[in-house]
């Protein structure tokens, strides 16, 4: 048995000071006399999140200045476990957007008591990270050590069993003992190589390309309010491109465009002037970029940020024999990473921080049992959303599960996935534009309050979606909330003066 008290006064060491690492530190401070967060980047001490957005350079977090959706699951976790963080966000100008404000125009949405759970936090990543960091820095038993990189793990001989992680080795060779090592280094985590170096088994890994690039630009509303009735996320998946508007804090918002990675023409979106000309082709974006409504942060030459090499990737660090290396766990994007367009990165990170908190509370003197609890509950609570992201991306790029020649059962599973996806795209999604019951059910799933399969298995949602499916197949489907634009029309604008 690996015990939390076996290493004496060594701290719990968290690798990475982003959302996952800071949330874990904030919660593990309840259980450990000392918690140490090691972060490679150096963030200046700033008095307000606006300075964090302008000054912090997060080389280790490429998505730092890209769009983020802080779903209702995030807000509920903050209310339950870190209310001071939510209060700090509110004071910084973060808006809480209730379900009713995100309903399609004209939809008769009769309030329900549980609607109070379905609230979107309109917030930039910099603001959220700043609030978490400030909360952590107030904990006397937590140290955030920045400008510190880690080279690998230190392990004790397992006496014929798997090696037990007892610390980390810094880039300069300094050994640092640890009672527990938490990998919160994100999607670029080198954990597999580190585990191999100490003789531990490699994690089981699954990957699925998203097939997309992302281009993001941030703006400030001149009057501090969203135009018209557009309060929540505004998003359109047009098949050849994804376009989304994300509300932010303090009168800001961002626009993200996600073209296929192999569309060479749309790589020119990295240029601010072409990005703006491209956006003018979309009526769904026009109210936000109308004259006098908003201005790019940084002025006319304010940057358009690009992010690529995106995959849905899942790594599991526990197998049938238990943890691959007792004393080591991984959370957030280091374990479950999905397409950022679905907004599940930060919710998943916070869910796993809470699950790690629960694991230590339940199994304080048994790191093996704690790791198994974290793995089991993560699979139960997060795996369905990861699988849903993979399925959606496969449909988007026209791939089948497994690819190539497949066994009969795999072929059946692939056909079922395609059939469910076909019904969801043509029945459930259109019904959500006009039916308040379907809309509410879909939004509760989107916000990670209901499991993804509910939209396809709930009898009431199915019954209400079938008539809409018939309308869609007959060419009389509800008008999309984000009007369709042909690729040729939008691409033609890239080179206009």
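Helix 367-381 and the longest principal axis of the C-alpha atoms of the chain enclose an angle of approximately 10°.
By other beta-carbon atoms within 10 Å, ranking 112, 139, 187 with the fewest at the front produces 112, 139, 187. Relative to the compact-globule estimate of 2.2 N^0.38 Å, the Cα radius of gyration of segment 110-177 comes out at 1.90. Note on segment 163-255: Cα-Cα pairs beyond 17 Å make up 69% of the total pair count.
Counting only alpha carbon atoms, the long axis of helix 72-81 and the longest principal axis of the chain meet at about 30°. Going from the fewest other Cβ atoms within 10 Å to the most, the residues 254, 338 appear in the order 254, 338. Arranged from fewest to most other beta-carbon atoms within 10 Å of their beta carbon, 128, 275, 253 become 275, 253, 128. Helix 125-137 axis versus longest C-alpha principal axis of the chain: approximately 30°, rounded to the nearest ten.
From the helices alone, meaning DSSP H stretches of at least four residues, give me the mean residue ellipticity at 222 nm for the chain, per-run term -39500 (n - 2.57), in deg cm²/dmol to the nearest 500. Kindly include the intermediate steps, with their values, before the conclusion.
Numbers: 17 runs with 172 residues, N = 497.
Using -39500 (n - 2.57) per qualifying helix, the result is -10000 deg cm²/dmol.
Where the alpha-carbon atoms of segment 214-309 are placed on the principal axes, they occupy 38, 27, 23 Å, in descending order.
Percent of alpha carbon pairs in segment 102-256 separated by more than 29 Å? Before the final figure, lay out each step's value.
On the way: 5906 of 11935 pairs.
More than 29 Å apart: 49 percent of the Cα pairs in segment 102-256.
What separates the Cα centres of segment 277-323 and segment 160-192 is a distance of 32 Å.
I'd like the projected area of segment 406-497, averaged over all directions, using the convex hull of its alpha carbons. Report it in nm² with one decimal. Approximately 9.4 nm², given one-decimal rounding.
Values in this text are rule-based calculations from the coordinates and carry no lab data. Quantities reported herein were computed from a predicted structural model and do not represent experimental measurements. So basically every Cβ, Gly included, is an ideal-geometry build from the backbone, and we count neighbours across all protein chains shown.
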